[in-house]
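Working notes, structure below.
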Amino acid sequence: MNKVSLGCFGDERLAARGAALLAAVESKRTLCLHRLGDDRNQTLSFGAFLANPAVSAHEMMVTAGQRTDRQAAGRHVLAIMDTTEISFPTQTDRKRGFGTGGNGSDIGLFLHPVLAVDAASGGILGLVDCTAINRTEGKAADRKQRPADEKESRRWLDGAEIAGDRLTQAATITVVADRESDIYDLFARKPDNVHLLCRSAQPRLLTTGGLLPKHCTSLPERDRTRIEVPAKGNRPARQATVALRFGPISLQRPNRPGAKGLPEAVALSVVDVQEVDPPAGAEPVCWRLLTTHPVATLAEARQIVAWYRLRWIVEQVFRSMKSHCLDIETSQIETAGCFIKMAAIAMIAATRAMQLVLARDGTTEQPIADAADPADLPALRALNTSLEGRTEKLKNPYSETTLAWFVWIVARLGGWSGYTSKGYKPPGPKTMHHGLQRLDPILTGWRLANHSAHV
Ligand SMILES: [Mn+2]
């Protein structure tokens, strides 16, 4: 795998230190500085790197966005965005510069990434952006709460704009976001080169009169299917029968002072997924999806639902960044400024690990160049041979042009048994990190050996 750049930061030494820090996070799977450094000197240099004012999370994201843009060339990209909370309930004394989290008392902050996913295959292309929202004025009186909320809702508009700006080579961009993004301003002021696909949260007024939820119930049912509702909390998993309805709608501008300058109406399509006869006591399945894509046929409506379902990938990235893998909430970094930069690095690392996890069974049909350097093919081929077992079952089943072939090698290096039959666990993000940790010195050694052979 290539040493991935975090950014230039106006200085070659800083650029090299950044790449080394990202490689250390990916291979050592921790955000604790003293465990990231090979020795005390390196630990100190990583700390100095994070504290350096020339090093910014913004530049890291511009750099990651440029890399993702190259992968996105010519494709339809889902720019999936979501917000997650990072909180430190037990470390309040030592932290400086942090605001409060969602419960208003524990300290913490919010991360809002934009992730590029290939709409056709469901594979991760890379990170487009990640911003941190640090509510340092969180203790403001109630009357001050509102402008803050409005300011925070800017993150959805900003995310759509950044996706439109950074993904210059994508054929189509569709921003995908959950109920929190149901903001009239977002629909009214979206960039021209960006489509939207958002889950509705508000019973919005339509220009034809009446409210959106009632309008949806009045639409003809066009399809009926059974879906799996996953377990949540103490609610068990169940099967649900859902009805699909869709059609064009026109939202009316909300009647609040801040909305005055916006267009009076926004034309969209709605795709409504509603549970039929939900069991008593169960929360019925209700997905009301608003999109700027035209939806005239059943196939198009199903496509919208399928794209929205890929939103779960961003939740997977959050999971691998938190307890699952990188354990971001136990990071010992004390100042908010340094932590935000480390969180940007963690988001890049978690995205890259999840890219490999999703590609592991070949269903994303991604080329190897999506995550590995084709120049490393000879080394990878040799490595693959040494990792394959004698039986058919332990042969790498994928073509060497695919990302799945590369992932098979990484997972085997990471300690995965290679068995895919029932009862054997498929490789997850931890195994991928471990595999990358072992792969890195192997590739470095191979490059060195080859270089000296040519001298
Ligand atoms: Mn969310």
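If the chain linking A54 and A265 were pulled fully straight, counting 0.36 nm for each residue of separation and taking away their Cα-Cα distance, it would gain 71.5 nm.
Before anything else, pin down the relative contact order of region 361-454: Cα pairs under 8 Å, at least 6 apart, normalised by residue count, whole percent. Could you put the intermediate results ahead of the total?
On the way: 86 pairs, mean separation 24.9, N = 94.
26 percent.
Here the alpha carbons of region 361-454 define both size measures, Rg and Dmax, at 13.4, 48 Å. Taking 7 Å steps out from each Cα toward its Cβ at C32 and C286 produces label points 4.6 nm apart. So what's the Cα pair-distance distribution over region 311-370, bin width 5 Å, in %? Bins of 5 Å from zero give 4, 17, 24, 21, 16, 9, 5, 4, 1 percent of pairs. Here the relative contact order of the chain, from alpha carbon pairs under 8 Å that lie six or more residues apart, stands at 16 percent. At an R0 of 41 angstrom, the distance between the Cβ atoms of T136 and L394 translates into a FRET efficiency of 0.15.
Backbone phi angles across region 370-375, fed through the Karplus curve with coefficients 6.51, -1.76 and 1.60 (θ = phi - 60°), yield HN-Hα couplings of 5, 9, 10, 8, x, 5 Hz in residue order; Gly and Pro are listed as x.
Would you mind calculating the gained length between T90 and R70 on full extension (0.36 nm times residue separation, minus the Cα-Cα distance), in nm to one decimal? 3.1 nm is the gain from fully extending T90 to R70.
The percentage of C-alpha pairs in region 61-329 whose separation is greater than 31 Å is 32%. Judged by the mean number of other Cβ atoms found within 10 Å, the most tightly packed of the peptides 154-165, 116-127, 288-299 leads the ranking 116-127, 154-165, 288-299. The share of Cα pairs per 20 Å bin across the chain, counted from zero up to the longest distance, runs 22, 54, 22, 1 percent.
Looking at this model, which pairs from K28/K95; K28/K425; K232/K395; K393/K430 are more than 27 angstrom apart at the alpha-carbon?
Cα-Cα > 27 Å for K232/K395; rest within.
Taking θ as phi - 60° and the Karplus parameters 6.51, -1.76 and 1.60, the scalar couplings of region 214-225 work out to 5, 4, 4, 5, 7, 6, x, 6, 10, 6, 9, 9 Hz in sequence order, x denoting glycine and proline. What residue among A350, H195, G18 has its Cα farthest toward the positive end of the dipole of the chain, where the charges are +1 on Lys, Arg and -1 on Asp, Glu, each on the Cβ? The residue sitting farthest along the positive end of the dipole is A350. Note on the chain: dipole from Cβ charges, positive end direction compared against G258, Q316, S56; the farthest Cα belongs to Q316. The slack in the chain from T217 to S153, taken as 0.36 nm per residue of separation less the alpha-carbon distance, amounts to 20.1 nm. With Cα atoms as the point set, the radius of gyration and Dmax of region 6-130 evaluate to 16.9, 50 Å.
Provide the packing ranking of 63-70, 74-81, 130-137, i.e. peptides ordered by the mean count of other C-beta atoms within 10 Å per residue, highest first.
Packing order, densest peptide first, comes out as 74-81, 63-70, 130-137.
All of the numbers you see were taken from the coordinates with simple rules; none came from a lab. Please read these numbers as outputs of a predicted model, since none were measured by experiment. Quick reminder, even Gly has a Cβ in these numbers, built from the backbone with ideal geometry, and neighbours come from all protein chains shown.
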